[in-house]
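Any read-out appearing in this document is the output of simple, stated calculations on the displayed coordinates, not a laboratory observation. Remember, it's a predicted structure, so these values are computed and weren't measured experimentally. Here the Cβ positions follow ideal geometry from the backbone for every residue, glycine too, while neighbour counts run over all protein chains shown.
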Ligand code: NDP
């Protein structure tokens, strides 16, 4: 049995829900965070099967108060974390040209995709298990890679994922001596609400690939960017 404790943001649907299920199947304890517990039916179903292993917590990743409340709740319960998966994401689907930019959507990308992981990590850093290697994963996107030519689309999303990748590099550098390893993962083009039904990767295959990348993460390869096949990507 795996005794690790994993915290996953945006766990009510898509990749976050699939990661939650897979980590539970692997014997981990999971703290699944979502905005609205009342409508998180997938998590409720998992709770029925994994009652002792699944804790569902309400968090709006754009709210520092909400994230701080989560940290206080976990601290009061003396919970130590082995892994934080920053998965919650937002896509400004219509911001595909400089002539058509919705500022609120672009701003939301930064709040959810870049500042959310920054503040979640800030609030939870002291809850990481100090007795063994801990890990932080940021579910990023190849669309945030500065070094790849990929046409023009989704201004806020791509800028915010590039910023999220910088968070990975910065965290990895700061935390290497604290025995915390950090990774950015591109989950593939995945069949979720964000990726759409024509996407090429099933949500379960993506989750399994992400878990494999995280399992292969050590202090020796901290601060890198991988896809779900384990191939290293350029930032
Ligand atoms: P979905 O759109 O299916 O799910 C997004 C998740 O993020 C939901 O749980 C949603 O919660 C949550 N979320 C959004 N805003 C907030 C917020 N303010 N506070 C808390 N949670 C929030 O996306 P995917 O599962 O496809 O994506 C997961 C990650 O993978 C994202 O970071 C995404 O950028 C990345 N990714 C996905 C790709 C794909 O093809 N699907 C490709 C590349 C990267 P709620 O239900 O409350 O809205």
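Counting only DSSP H runs of at least 4 residues, each contributing -39500 (n - 2.57), and dividing by the residue count of the chain, the helix-based mean residue ellipticity at 222 nm comes to -11000 deg cm²/dmol.
With the convex hull drawn around the C-alpha atoms of the chain, the volume per residue stands at 122 Å³. The modelled label-to-label distance for the pair residue 177/residue 63, using points 7 Å beyond Cα in the direction of Cβ, is 3.8 nm.
Quick one: of the DSSP bridges fully inside region 5-227, what percent are antiparallel, nearest 5?
Numbers: 1 of 29 bridges.
Around 5 percent antiparallel, to the nearest 5.
Helix 14-25 axis versus longest C-alpha principal axis of the chain: approximately 30°, rounded to the nearest ten.
The alpha carbon gyration tensor of region 9-83 gives principal lengths a ≥ b ≥ c with a/c of 1.5 or higher and a/b no greater than b/c, which makes the shape oblate. Note on residue 96 and residue 122: with the Förster distance fixed at 41 Å, the Cβ-Cβ geometry gives a FRET efficiency of about 0.80. Take the alpha-carbon centre of region 33-92, take the same for region 158-225, and report the distance between them in whole Å. Value for the Cα centre distance between the two parts: 19 Å. The packing ranking of peptides 75-83, 52-60, highest mean first, is 52-60, 75-83, where packing means the average number of other beta carbon atoms within 10 angstrom of each residue.
Using only Cα coordinates, the Kirkwood hydrodynamic radius of region 43-172 works out to 16.2 Å. Relative to the longest principal axis of the Cα atoms of the chain, the long axis of helix 64-76 makes an angle of roughly 20 degrees. Using 0.36 nm per residue and subtracting the Cα-Cα separation, the extra length available between residue 76 and residue 132 on full extension is 18.0 nm.
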